[in-house]
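The values are calculated or read from the model by the stated rules, or taken from the named source; none is laboratory data. Every value quoted in this text rests on a predicted model; they were computed, and no experiment measured them. Ideal geometry is used to build each Cβ from the backbone, glycine not excepted, and the neighbour counts take in all protein chains shown.
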Amino acid sequence: MRLDQYYRKRLRTPNYGAYVSDTYDDQYIQNIVGAFEDFGDRQNLNDVGIINEMMEFVQNLQYTTDEVSAGYNEYPKYPIETLVDKEGDCEDSSILLSSMLDQFGYGSVLLIFKNQQHAAVGVAGDPDLEGTYYEQGGQRYYYTETTAPGYRIGQLPPDMEVGNPEITPVNDSGVLVFSYAVDTPSEGGASVEITMRNVGDGTGSAKAQAAFKNRSQQRVVSAVSDATQLSPNEEHTVTLDLEPPDDQDLRAEVGVVMDGILQDRLRSEFREPVDSGNMG
């Protein structure tokens, strides 16, 4: 499966920082950043000059709303999706640029302007850097526009001069991926083995959940694991034992939750009643 196809199957999370923290695409993003670093070396650019080139690249992607590109509102994209589509809205381009900055070795935050319904990036910079910045934890984050071409680090568009943004960190989110297997022993019941892995940059509280649903999407039986703290790159396996009835068409639905947010979910095919076949 292509990397962009994998990400398109992932659930959308309201935590924008998780799209940057996800490490599965780090090598791909690093290859792109490496091309900008090579260009910077040939042109004798300093780091700010290279970042401005990255900004120009992202700013010139086609601006498209979620409704056009994905079919519905509030569909943040993973960086690979935006690169393959060559389009996205302000949060998509901001997530992409923040991911590139991370691989370039620069800290950043996402700047969410709720009143203007706009997202941008704040690049960590030294006090001698000029332009508009927002401070958090003693660090200056300089405004970085990701949709309107022509802007450089610290240059704030006139329509963004009113109000302060919500500052969203991007390097401290846990991100869960998982695999599972269902065992239906002859004596009845079902055991669902779920292996969770934190592929994000931050530690989080992880839970696994499993259910069997009928064709009306009604939950017939379900179970949830105890919470466990998972550090980056840490893996944990749990087994949930359930007692689904044998006389109904059912399918398993398995998901993983990090810090109270559903991160991913998979469903099996429907299982015929026990006298007609076994769980697929």
(request) State the number of residues belonging to region 219-247 that are among the acidic types (Asp, Glu) and under 16 Å from residue 192 (Cβ atoms). (result) 3
(message) Among the listed residues 246, 241, identify the single one that is in a strand (DSSP E or B), out of contact with any Lys or Arg (no Cβ under 9 Å at 6 or more places or on another chain) and more than 23 Å from residue 13 (Cβ to Cβ).
(response) 241
(request) Taking residue 188 as the residue in question, decide whether it is more than 21 Å from residue 268 (Cβ to Cβ), modelled with pLDDT under 95 and in the same structural domain as residue 237 (by TED's automatic domain parsing). (result) no
(request) Kindly provide the set of residues from region 251-272 that are under 17 Å from residue 212 (Cβ atoms), modelled with pLDDT under 95 and touching a Lys or Arg at 6+ places or on another chain (Cβ under 8 Å), ordered by number. (result) 251, 252, 267, 268, 269, 270, 271
(message) Just to confirm my filter: which helices (runs of 4 or more DSSP H) fall fully inside region 1-91 and include at least 1 residues that are in contact (Cβ under 8 Å) with a residue 60 or more places away in the chain?
(response) 3-8, 17-21, 26-42, 47-59, 79-85
(message) Given the criteria among the charged types (D, E, K, R) and in contact with a strand residue (DSSP E or B) (Cβ under 7 Å, 6 or more places away or on another chain), does residue 152 qualify?
(response) no
(request) Answer with yes or no whether residue 33 is surrounded by 17 or more Cβ atoms within 10 Å (Cβ to Cβ), assigned by TED's automatic domain parsing to the domain that holds residue 164 and of a type in the set (Val, Ile, Thr). (result) yes
(message) Here are the criteria: (1) part of a strand (DSSP E or B); (2) surrounded by 16 or more Cβ atoms within 10 Å (Cβ to Cβ); (3) not aliphatic (A, V, I, L, M). Tell me which single one residue 135 does not satisfy.
(response) (2)
(request) Please specify each residue of region 123-160 satisfying the condition of being farther than 16 Å from residue 49 by Cα and either in contact with a helix residue (DSSP H, G or I) (Cβ under 7 Å, 6 or more places away or on another chain) or touching a residue at least 24 places away in the same chain (Cβ under 8 Å) (or both). (result) 132, 134, 136, 139, 141, 147, 148, 156, 159, 160
(message) I'd like to verify a number: residues in region 12-65 that are farther than 25 Å from residue 154 by Cβ, within 18 Å of the chain's Cα centre (by Cα) and not hydroxyl-bearing (Ser, Thr, Tyr), how many?
(response) 9
(request) Determine, yes or no, whether residue 209 is among the polar types (S, T, N, Q), closer than 23 Å to residue 14 by Cβ and modelled with pLDDT under 95. (result) no
(request) Output yes when any residue across region 61-75 is among the charged types (D, E, K, R), surrounded by 17 or more Cβ atoms within 10 Å (Cβ to Cβ) and either in contact with a helix residue (DSSP H, G or I) (Cβ under 6 Å, 6 or more places away or on another chain) or more than 23 Å from residue 167 (Cα to Cα) (or both), and no when none is. (result) no
(message) I'm checking my understanding of the structure. Among residues of region 222-268 that are crowded, with 18+ Cβ neighbours inside 10 Å and of a type in the set (Val, Ile, Thr), which one is farthest from the chain's Cα centre (by Cα)?
(response) 238
(request) Might you check whether a residue that is exposed (fewer than 13 other Cβ atoms within 10 Å of the Cβ) and either modelled with pLDDT of 90 or more or in the same structural domain as residue 105 (by TED's automatic domain parsing) (or both) occurs anywhere in region 18-25? (result) no
